[in-house]
1. So which pairs qualify, if the first residue must be in region 86-115 and closer than 30 Å to L143 by Cα, the second must be modelled with pLDDT under 90 and not in a strand (DSSP E or B), the Cβ gap must be under 6 Å, and the two must be at least 6 apart or on different chains?
2. Filter region 49-103 down to the residues that are small (G, A, S) and over 12 Å from S37 (Cβ atoms), then identify the one that is modelled with the lowest pLDDT.
3. Taking region 91-108, which residues are in a helix (DSSP H, G or I) and of a type outside the set (D, E)?
4. Would you mention how many residues in region 109-130 are over 9 Å from the mean Cα position of the chain (by Cα) and part of a strand (DSSP E or B)?
5. Give the residues of region 20-59 that are surrounded by fewer than 16 Cβ atoms within 10 Å (Cβ to Cβ) and under 12 Å from M97 (Cβ atoms), sorted by residue number.
6. Among the residues of region 116-141, write down those that are within 14 Å of K23 (Cβ to Cβ), touching a residue at least 60 places away in the same chain (Cβ under 8 Å) and surrounded by fewer than 18 Cβ atoms within 10 Å (Cβ to Cβ).
Amino acid sequence: MGIKSFLAARKNQNKMTTEVPLKVSDYMSKKLITFKSDDKIETVIDSLIKHRISGGPVVNSKNELIGIISEGDCIKQLSESRYHNLPMTNNTVEKCMVKNVETIDGNMNIFDAANKFLESKRRRFPILQDGKLVGQISQKDILKAALALKGHDWK
């Protein structure tokens, strides 16, 4: 008589019956508030407040990513304008945005993306496809993904 291993039987029992989405593209935001390089900083600040966001991608007319602007970038510009007693009316996104933007692959596993957030200390990563902006993943999106996966195997 053969003896069945309890662990082997249990291992087979834990297999998930449905595929759980684990890619960044499954959780990224696709409807984005974007900015243009010639937008005024005041307009950006209004939009950040109105939409309750902390920043957003800057794109050109072809929807290609050229930068990113954040609350911090706007605050820095306000502070410098005040310090030097300069009007804010001439300040555009192009003067304040971060131009060297790190992106993330939409096919990346959300756990690898979570680690990338920890290493980089960034709040958001744009996602490009064929050079065009297709979405953005934020730390909050990663948390939403973790809640959606609650109770499943973390493989």
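1. Going by the 6 Å Cβ cut-off, the qualifying pairs are C96/Q77; N109/L22; I110/L22; I110/A145.
2. Within region 49-103, the first condition is being small (G, A, S), and the residues that meet it are 54-56, 61, 67, 70, 72, 79, 81.
Checking the rest, the ones that are also over 12 Å from S37 (Cβ atoms) come to 54-56, 70, 72, 79, 81.
Values: S54: 89, G55: 92, G56: 93, S70: 93, G72: 91, S79: 82, S81: 69.
This residue is S81.
3. First, pick out the residues of region 91-108 that are in a helix (DSSP H, G or I): 93-96.
V93, K95, C96 - these are the residues of region 91-108 that are in a helix (DSSP H, G or I) and of a type outside the set (D, E).
4. So the count comes out to 3.
5. K36, D38
6. V134
The values are calculated or read from the model by the stated rules, or taken from the named source; none is laboratory data. Quick caveat, the model's predicted, so the values are computed rather than measured. Because the Cβ atoms are built from the backbone with ideal geometry, glycine has one as well, and the counts that use them run over all protein chains shown.
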